[in-house]
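Single-structure report; data block below.
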Amino acid sequence: MTVWQDLACGCVPAAIGLWFAPDPDKADALRPRGACAHGGAMEDAAALDAADPLRSFREAFELPHGMVYLAGHSLGPVSRAVVARVAQTVQNEWGHGLVGSWNSADWIGAPQRLGAKIAPLVGARADETIVADSVSVNLFKLAGALLTAAPGRKTILVESGEFPTDMHIAQGLAGLARAKVRLAKRGALADRIDARVGVVIASHVHYRDAVVRDMAALTAQAHAAGAEIIWDLSHSVGAVEVDLAAAGARFAVGCTYKYLNGGPGSPAFLFVARDQQARLANPISGWLGHADPFAFLDRYEPAGGVQRFVSGTPPILAYAALEAALDLIAEAPAAARRAKSQALSERFLGRVLAKKRPGLQLISPIDPDRRGGHVTLKHKAAYAIVQALIVRGVIGDFRAPDAMRFAFPALTLRYSEADAAADALIEVLSTGAYRDPAFAGSAKVT
Ligand SMILES: Cc1ncc(COP(=O)(O)O)c(C=O)c1O
């Protein structure tokens with residue numbers, strides 16, 4: 001296979017298909033786009049970076065010099081606009097405006113205002129999304145509301161191996177609502193929806209292997225069976241194009257600290273289709289979801305629209321960071337972001353998988369359209385490999401027991417960095433550098 005390295009065109013071969021295609025005759029269909037006759041991406045990374053229509057965004061972010069940051073699926077980098085907006089909010093709005101800023105800076109309107117900025121990223125209308133709480137809490141609110149609205153359907157269906165909170169929230173809620181949690185095997189979610197299921201919780205893009213689910217198909221199957229489905233868009237929003245309206249989706253949640261660069265623990269969002277809002281009651285019926293919070297009434301009366309899913313006081317500094325991040329991302333067309341992210345990940349995989357690497361396996365789909373914003377490789381020494389890469393300035397992450405994830409966000413990554421990351425991984429694998437005892441063990445947060 002070294003023949004690939006000797007090709008006159010100097011291409012990076014598209015051997016992924018050759019190694020992973022179940023049928024070698026189909027390997028051609030799996031070659032990365034823009035591949036040359038040898039199946040390789042001919043273009044020089046520097047040329048691609050120079051011609052990249054999104055290249056100016058990189059300068060808008062604060063990234064440590066020399067670091068290749070591929071952990072945007074976990075925590076997106078901070079932009080200069082966010083740094084400035086938080087400082088301005090602290091100094092001016094909090095420092096000078098003080099309590100008056102709830103009105104003068106419209107702090108009180110932040111959940112809806114930011115929700116309206118999320119809406120175009122997920123194919124929703126401005127009055128269908130709000131920003132509040134965490135994904136976990138929003139899942140609780142929506143699933144709780146849906147179970148209450150369908151008393152005859154006492155089962156919450158989740159696929160096993162989902163992001164833990166999607167199952168854990170279902171388990172906690174089941175205890176309170178005298179409901180049951182049904183765990184479906186991977187790939188069998190649709191088969192397990194029956195007349196007992198009230199709510200299905202499903203990720204659009206899987207946190208582990210980045211598989212993209214067919215949102216329209218699964219939504220239609222759930223609705224046909226009389227169930228509702230809550231989509232977890234945590235790994236989708238900002239990474240892949242999402243169109244909730246076109247998919248017929250009615251409910252969704254998602255986080256903002258990954259591909260939206262909102263900052264560590266930035267508030268999550270929640271989507272309820274317009275025609276579903278009035279029929280649902282928020283089980284965390286806090287005062288800011290009240291129709292008239294400043295009337296200070298004893299009796300809870302829900303606000304008219306999606307506002308009823310707000311519970312308590314919004315953490316304004318976190319909202320300020322997120323708002324600046326959303327304003328920046330709104331400047332980059334979603335299709336261009338997705339196309340570049342796919343090109344980056346294809347380039348990385350083309351290089352890494354150009355040769356058979358013992359013990360290394362791609363567990364994300366080979367088809368970039370079926371993958372989210374990251375790629376996942378399996379290796380029994382995954383933890384140590386990720387540590388060895390970090391020492392080399394290439395930041396990915398590890399998911400127990402054996403997975404390494406690398407994200408390719410379009411606004412913060414260059415083609416040359418995708419190549420550098422691939423080369424670092426190849427070096428770590430081929431030299432066995434990851435076997436150094438310094439890379440053993442496990443940190444609290446991986
Ligand atoms: C699919 C998915 N859902 C939910 C979460 C986190 O939710 P929360 O905002 O409650 O921490 C994550 C975090 O990585 C996730 O990947």
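The values are calculated or read from the model by the stated rules, or taken from the named source; none is laboratory data. Quick caveat: nothing in here was measured; it's all calculated off a predicted structure. Here the Cβ positions follow ideal geometry from the backbone for every residue, glycine too, while neighbour counts run over all protein chains shown.
Among residues of the range 113-141 that are under 22 Å from VAL199 (Cα atoms) and at pLDDT 95 or above, those with a Cβ under 7 angstrom from a residue that is basic (Lys, Arg) and more than 11 Å from the ligand (Cβ to nearest atom), sequence gap 6+ or separate chain, pair up as GLU128/ARG274. Residues that are surrounded by fewer than 19 Cβ atoms within 10 Å (Cβ to Cβ) and at positive phi do occur in the range 285-303. If you filter the range 154-176 down to residues that are buried (at least 20 other Cβ atoms within 10 Å of the Cβ) and over 14 Å from TYR207 (Cβ atoms), you find that the one that is farthest from the ligand (Cβ to nearest atom) is THR155.
Filter the range 331-366 down to residues that are under 19 Å from the mean Cα position of the chain (by Cα) and assigned to a helix (DSSP H, G or I), then give me how many there are. Within the range 331-366, residues that are under 19 Å from the mean Cα position of the chain (by Cα) and assigned to a helix (DSSP H, G or I) number 13.
Conditions (1) within 16 Å of the ligand (Cβ to nearest atom); (2) in the same structural domain as HIS204 (by TED's automatic domain parsing); (3) in a helix (DSSP H, G or I); (4) within 15 Å of ARG308 (Cα to Cα), marked per residue:
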| site | (1), (2), (3), (4) |
| --- | --- |
| GLU93 | no, yes, yes, no |
| LEU114 | yes, yes, yes, no |
| ALA119 | no, yes, yes, no |
| ASN138 | yes, yes, yes, yes |
| LEU146 | no, yes, yes, yes |
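Does the range 168-176 contain any residue that is within 23 Å of ALA245 (Cβ to Cβ), in a helix (DSSP H, G or I) and not aliphatic (A, V, I, L, M)? Checking the range 168-176: not a single residue is within 23 Å of ALA245 (Cβ to Cβ), in a helix (DSSP H, G or I) and not aliphatic (A, V, I, L, M).
Report, by residue number, each residue of the range 400-420 that is touching a residue at least 40 places away in the same chain (Cβ under 8 Å), in contact with a strand residue (DSSP E or B) (Cβ under 6 Å, 6 or more places away or on another chain) and more than 15 Å from ALA343 (Cβ to Cβ).
Keep residues of the range 400-420 that are touching a residue at least 40 places away in the same chain (Cβ under 8 Å), which gives 400, 403, 405-420.
Now drop any that are not in contact with a strand residue (DSSP E or B) (Cβ under 6 Å, 6 or more places away or on another chain), which leaves 403, 405-407, 412, 417, 420.
Within the range 400-420, ALA403, ARG405, ALA420 qualify.
Among the residues examined, VAL211 qualifies as within 13 Å of the ligand (Cβ to nearest atom), closer than 28 Å to LEU260 by Cβ and outside the structural domain of GLY396 (by TED's automatic domain parsing).
From the list LEU260, LEU218, LEU270, which one is assigned to a helix (DSSP H, G or I), in contact with a helix residue (DSSP H, G or I) (Cβ under 9 Å, 6 or more places away or on another chain), within 16 Å of the ligand (Cβ to nearest atom) and not charged (D, E, K, R)? I'd like the intermediate steps shown before the answer.
Details: LEU260 fails: assigned to a helix (DSSP H, G or I); LEU270 fails: assigned to a helix (DSSP H, G or I).
Being assigned to a helix (DSSP H, G or I), in contact with a helix residue (DSSP H, G or I) (Cβ under 9 Å, 6 or more places away or on another chain), within 16 Å of the ligand (Cβ to nearest atom) and not charged (D, E, K, R) holds for just one of LEU260, LEU218, LEU270, which is LEU218.
Among ALA281, ALA321, which is touching a residue at least 24 places away in the same chain (Cβ under 8 Å), in the same structural domain as SER236 (by TED's automatic domain parsing), in contact with a Ser or Thr (Cβ under 9 Å, 6 or more places away or on another chain) and assigned to a helix (DSSP H, G or I)? First the steps, then the outcome.
Working: ALA281 fails: assigned to a helix (DSSP H, G or I).
On inspection, the qualifying residue turns out to be ALA321.
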